[in-house]
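Chemist: Take a look at this one; I'll ask things after.
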Amino acid sequence: MAVEYAIKINNIIKKYKIKQRAIKSRYFNAIDDVSLSIEKGEIFGLLGTNGAGKTTLIKIMAGLLEADGGTGKVLKYDLYKEHKKIRAKVSLVAPTADVGTDNNLTVKQNLEFWAVVYNLDKNLRAQRIDELLLFLDLKEYEDFWPMSISAGMRQRLAIARSLLVKNPILFLDEPTVKLDAKGAKAVRNFIKKINKDLGITIILTTHFIFEAEELCDRVAIMDKGKIISCDTINNLRKRLKKYDLLEIECSSIPKDIIDQISKWDYIVKCTYNNNLLNIESLKVEVSIFEVLKLLRQQDLEIYSVRTKEASLESVFISTLNNGRNSI
Amino acid sequence: MNRLKSELASLKMFSKREFIIWSSYRMNAWMWVLDVFFNTTIFFLLSLVTKGSDISFFPYGNNYVTFIVIGLGVHYISYTNLGDPFARVSKIYWGGTMDLYLLSPLSYYTPLMGIMFRSVIDDYPRVILALLFGGLFFGAIYSVANIWLIFLLLILILTSTLGFGIISASSFYLFNFKQNTEPVRFILQDIIIALTAGYYYPLTVLPYPLQVVGSFIPHTYALDAFRRLLIPGGDLMARVLPIQLLIDIPPITLDILILVLMTIITIPLGLFMYVQGIKKARREGTLTRWQ
């Protein structure tokens, strides 16, 4: 079956003018020859340090910023000629929930305001707002002022606002950047829920590597306006040979068992030396249980188990280093 | 038709939101009434300067309190319509909501008009209150000879000053004036209007070159017509303004025509410049600022 793309952009360039002195100014490439394809229904992460160009790129894809070069389509609409149609079909949540949230209106009044602005059918407004308040666990806070609820709840309110209209694409710009761990976790869970239950394509920017790891089907690593790597997290690890490690100290293992383990999914390499079984895996949290189960079935004695996860962080750093060296 | 309906529904929602916000601060209403009262008092005290003197306000009758209260009313409208659009666009920008409005099906103008409702609620009723306080406490007398003409003039001063206001607002994006001092508003409001609007004195007392400068602002014509119509003893036919001396048309008719002309020039020009400003900001990435 042919892959359906929500977004497909090619060789996008965006230059910003920087004033140096009163008259003199120079340009720098905020986005430098970026090509990207995002499938319908996926959670796609733009990962990069501050100033990498993530926000600029999502603003271009959302039709809020005109690119200086390249081509692209969002939901089959041309990035240049049909930017109004693109804007009507996408939703966006800014890094801070305060954008679009009026602290003088209650949670519900805020949603009522935006429901009219987004031209939601008059007969459906109340029902939709109720649905979203329930969906995002805000129902009991509907009469609260935004200032009197937590930052995480305010971020959920911003997400609720963006979901008032059932748009197929949702852009989240650093959705958890100003939240504490608990609030961030709740928002991440809702992002997964929105993607799973509503089938919305989500493009999020983040500089939290664990967030990308937890949420994203694929990530693009950006640096200085360029995409230096774009793939699934597992493929990125494979490419950079950054795997999780599993070390099991145990009694002698027959060779056929080692061969069997080597053929499993996620297992990249399996060796046995001096009572030490070394496994390189793409997902150690899956492999560990399967390997231990098999060793126990073989009545082998297990003395110790150690794991070392190759985080996306190490992949990210390696990718950045490789990217910078090649630029 | 549907589009217009949804734009109007949005404007109604904006006004509702602004009213909720305005009325949620109870002190606001009292402060508001007191502010108008003290402003009217100051203007009344100014009027005492002329008491017993033979200063002529020809052709605007002989009641200086009425003269000056009308000035205060036009000042309220002008200050709001000229200064507010820029401040509101600035608020949308610094609040980061311009992106969100652009992602809605609203026209570019609706959010601008919508958030101006705060001023409509806050400032326009001040005109009525000022006229009321003037009449109740300070001896202003009004002659309401032609209510429809007064109503028409009220609409024209609203629209013509709003046109200048939108031009001023468009400079936020079009010329990148992101700070408080914006040249269009500064030159108009703080220089030309402050000097030549004639809130406190008739334009005719100014040196002729300043009278000519004053001919380019709508206040001159609105005040001229309002004062002739509202102040007892106002002369409807005497020609005193530079342009009235040049064109042989009854003064109030000429005032209305000039205000219409200013409206049909400034409003379309302002709206055009505003859209160009947004397009420019979309190209340059300066539509909004997320903090």
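Chemist: Exactly one of these conditions fails for B:Thr263: (1) surrounded by fewer than 19 Cβ atoms within 10 Å (Cβ to Cβ); (2) away from chain A (no Cβ under 14 Å). Give me its number.
Modeler: Failing condition for B:Thr263: (1).
Chemist: Only one of (1) within 14 Å of chain A (Cβ to nearest Cβ); (2) open to solvent by less than 20 Å² (accessible area, probe 1.4 Å) fails for B:Ile157. Which number is that?
Modeler: With (1) within 14 Å of chain A (Cβ to nearest Cβ); (2) open to solvent by less than 20 Å² (accessible area, probe 1.4 Å) applied to B:Ile157, the lone miss is (1).
Chemist: Name the residue that is nearest to A:Thr319 (Cα to Cα), counting only residues in the stretch A:40-78 that are more than 11 Å from chain B (Cβ to nearest Cβ) and of a type in the set (D, E, K, R).
Modeler: A:Lys54
Chemist: Among the numbered criteria (1) farther than 18 Å from B:Gly234 by Cα; (2) surrounded by 12 or more Cβ atoms within 10 Å (Cβ to Cβ); (3) more than 14 Å from every other protein chain (Cβ to nearest Cβ); (4) among the polar types (S, T, N, Q), which one does B:Asn62 miss?
Modeler: (1)
Chemist: Further, regarding this structure: Search the stretch B:108-121 for residues being open to solvent by 30 Å² or more (accessible area, probe 1.4 Å), within 18 Å of B:Lys12 (Cβ to Cβ) and not basic (Lys, Arg), and hand back the single one that is farthest from the other protein chains (Cβ to nearest Cβ).
Modeler: Result: B:Val120.
Chemist: Can you tell me which residue among A:Arg125, A:Arg161, A:Arg154 is open to solvent by less than 70 Å² (accessible area, probe 1.4 Å), under 25 Å from B:Ser24 (Cα atoms) and touching a residue at least 60 places away in the same chain (Cβ under 8 Å)?
Modeler: The unique qualifying residue is A:Arg161.
Chemist: For the stretch A:167-177, give me each residue that is touching a Lys or Arg at 6+ places or on another chain (Cβ under 9 Å) and either open to solvent by 10 Å² or more (accessible area, probe 1.4 Å) or modelled with pLDDT of 90 or more (or both).
Modeler: Matches in the stretch A:167-177: A:Asn167, A:Pro168, A:Ile169, A:Phe171, A:Asp173, A:Glu174.
Chemist: Checking B:Tyr79 against (1) open to solvent by 90 Å² or more (accessible area, probe 1.4 Å); (2) more than 19 Å from the chain's Cα centre (by Cα); (3) more than 14 Å from chain A (Cβ to nearest Cβ), which test does it fail?
Modeler: All conditions pass for B:Tyr79, except number (2).
Chemist: Next up: Starting from residues that are aliphatic (A, V, I, L, M) and over 16 Å from A:Tyr80 (Cβ atoms), keep the ones in the stretch A:8-24 and report whichever is most open to solvent (accessible area, probe 1.4 Å).
Modeler: By that ranking, first place goes to A:Ile23.
Chemist: To continue, here is another question. Test each condition in (1) without any contact (Cβ under 8 Å) to a residue 40 or more places away in the chain; (2) within 14 Å of chain B (Cβ to nearest Cβ); (3) surrounded by 14 or more Cβ atoms within 10 Å (Cβ to Cβ) for A:Ser37 and report the one that comes out false.
Modeler: Going through the list (1) without any contact (Cβ under 8 Å) to a residue 40 or more places away in the chain; (2) within 14 Å of chain B (Cβ to nearest Cβ); (3) surrounded by 14 or more Cβ atoms within 10 Å (Cβ to Cβ), A:Ser37 breaks only (2).
Chemist: Counting only residues that are over 14 Å from A:Asp33 (Cα atoms) and open to solvent by less than 20 Å² (accessible area, probe 1.4 Å), how many does the stretch A:49-60 have?
Modeler: 1
Chemist: Would it be correct to say that B:Leu11 is buried (at least 18 other Cβ atoms within 10 Å of the Cβ), closer than 20 Å to A:Leu111 by Cα, within 14 Å of chain A (Cβ to nearest Cβ) and without any contact (Cβ under 8 Å) to a residue 60 or more places away in the chain?
Modeler: Considered against the rule, which asks whether it is buried (at least 18 other Cβ atoms within 10 Å of the Cβ), closer than 20 Å to A:Leu111 by Cα, within 14 Å of chain A (Cβ to nearest Cβ) and without any contact (Cβ under 8 Å) to a residue 60 or more places away in the chain, B:Leu11 comes out as no.
Chemist: Could I ask something else about it? For the stretch A:48-128, list the helices (runs of 4 or more DSSP H) that sit wholly inside it and hold at least 1 residues that are under 15 Å from B:Leu287 (Cα atoms); which are they?
Modeler: Filter on the stretch A:48-128 gives A:54-61, A:83-89.
Chemist: Something else: From the residues in the stretch A:259-316 that are among the aromatic types (Phe, Trp, Tyr) and at negative phi, which one is modelled with the lowest pLDDT?
Modeler: Checking each candidate, the answer is A:Phe316.
Chemist: When residues of the stretch B:14-49 are filtered for being basic (Lys, Arg), open to solvent by 70 Å² or more (accessible area, probe 1.4 Å) and at the interface with chain A (Cβ under 10 Å from one of its Cβ atoms), how many remain?
Modeler: 1
The values are calculated or read from the model by the stated rules, or taken from the named source; none is laboratory data. Quick caveat, the model's predicted, so the values are computed rather than measured. Glycine gets a Cβ as well: all are built from the backbone with ideal geometry, and neighbour counts include every protein chain shown. Protein only, heavy atoms only, side chains kept; ligands, DNA and RNA dropped before computing areas. Shrake-Rupley method; radii C 1.70, N 1.55, O 1.52, S 1.80 Å.
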